[in-house]
Structure formats: C-alpha cells, structure tokens
Amino acid sequence: MSTQIEVEDLHLHLGPHSGGIDALDGVSLHVDEGERLGLVGESGSGKSTLLKVMMALLRPDSGVVRFRGRSLSDNEAVRDVRRSVAMVFQDPRSSLDPRMNIGRAITEPLRSPVARTMTRQERQDRLAKVMMDVGLDPESATRFPHEFSGGQRQRIAIARALVTQPDILLADEPVSALDVSVRAQVLNLLNDLVRQRGLTMVFVSHDLAVVRHLCDTVAVMSRGRVVERGRLSDVYRDPQHEVTQELLTAIPRIRVGDSTH
C-alpha cells in the first residue's frame, strides 16, 4: 500500500490578526492509498489548516509536504495534487458562486489548465452522470444555488469535487453547516461514493460519531499537534490521550446512521 500524502514536522504560525498562535506545531502524518482517515479535534486545533496545507492552498513556515513521494516545493507535484485531489468545504453557500448556475459550477474544474481537455459534449455527459451519482436531477443544471436546500447545495459541492474523477477526497466538516435532519443523508452519500470509487479520503470533523461512520483510521489533533493516531476501533476501545477521551465522552447517544440524525 503506497503513501499518497505525507507531512513531516509542519509548522505554521498565524499572524497577530489571528491571535499569533501556532496553527500547526510540528505535525507529522501520512495517508495511505485507500485509507479513510478521520482528522478530529476541538475547534482551533489545526484540522482545517492541515487540510489546506495538504491541498497546497496554504504553505507552511517549515516542514515538508509530499504527494506520492514528491515535495510540494516542486511545481509539478502541485499540479499533480490539483489533478488528483479534490476538496469539499464546510459551507456550500460560500464555496458556490451565487451568480453561476449549478451546471457551470460543477463543471468549472473541468475547464482548469490541469484538467484533461474535454469537448463540450463530454463535459455535459460527465455533468449528467455526477449529478445522478449525488442524487440530483440533471435537468436542474440550469438552476442557481439559492434555489436548493442546504443539503442539496452540499450535494452540488460534492459533485463539483468528484467531476474531475479524483483519487483523493479531502472533506472539511462537510455536514457541520447542515440541519441535523439531513446530515445522515449526506454522510451516507459520501460513504457510498468513497467506497464505490475506491477513493482515499481525509475527513475533518470535531465529532467522533461522524468519523466512526465514515473512517477506518483516526488522528486526533490538539493545539496544532497530532496527539493520537491509530485504527479507529483501537482508539475507541482504549483512548490514550485526554483530548480523545473528552471527544469520546461528548458523543451523543444516538446512531449516526439513523434517518433521524
């Protein structure tokens, strides 16, 4: 099993406008092919920052990020990340352009320089398929984001991430902005899509119950550091760090896969 993403001794200091804290303080971590890694921790622990560094959206002050063995200081490696890795953000309202119909929003990544050159018909065929894959009617492609519910907008964002047929999916708390009633639907959809497509995934959440539904390994972050890492079943059974123990204590006593969640 090959390592897809590796970070080594990452440090990233946020400026005075953000409180002057260390968002990443010596983080080392790897993600293997086919792994579904849950990245959990309290608010401000550095989870989302680490995800953006993995995606080459942020550059650390020091340390190394490697994609399939190549440092992201290499521009060609960054282009490989853009081709092979896709990201779903927390709030679809901010990640979707309200002036762009959803068909164009979903297919926009196919127009980027790093995407494979496609004809208009090929883009339309890809659009129809990915919309059906996420449970949306392709006939609604001419509608705009405000015409959809929060859960549907997140499905649109997932379709946009998957339209380039990536190998790796990074998801930054993709259900935390949704109503409780639709979270399980989106989680089940993500679970199905990741398994069907054989994707490697890093899923960021503050909720270990959500991670348990989707992931097979977990890394717990606190104050910019990874404080615990292991197979999810082992960490649940015998948590070693107090932060992990606190997160487990906070799990609500309801089933994540239940339709009422």
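Overall shape: oblate for the chain, with the ratio a/c of the largest to smallest alpha carbon gyration tensor axis at 1.5 or above and b/c at least equal to a/b. The value of relative contact order for region 3-249, using C-alpha pairs under 8 Å at least six residues apart, is 27 percent.
Sorting His213, His241, His206, His146 from the fewest to the most surrounding beta carbons within 10 angstrom yields His146, His241, His206, His213. Beta bridges from DSSP with both residues in the chain: antiparallel share about 50 percent, rounded to the nearest 5.
Taking 0.36 nm per residue of sequence separation and subtracting the Cα-Cα distance, how much length would be gained by fully extending the chain between His11 and Asn75, in nm to one decimal? Length gained, His11 through Asn75: 21.0 nm.
Within 10 Å of each candidate Cβ there may be at most 13 other Cβ atoms; applying that plus a DSSP loop requirement, which trypsin sites (Lys or Arg not before Pro) in region 1-90 survive?
Sites meeting the loop and neighbour criteria: none at all.
All of the numbers you see were taken from the coordinates with simple rules; none came from a lab. Computed from a predicted structure; not experimentally measured. Cβ coordinates were reconstructed from backbone atoms using ideal geometry, including for glycine residues, and neighbour counts include every protein chain displayed.
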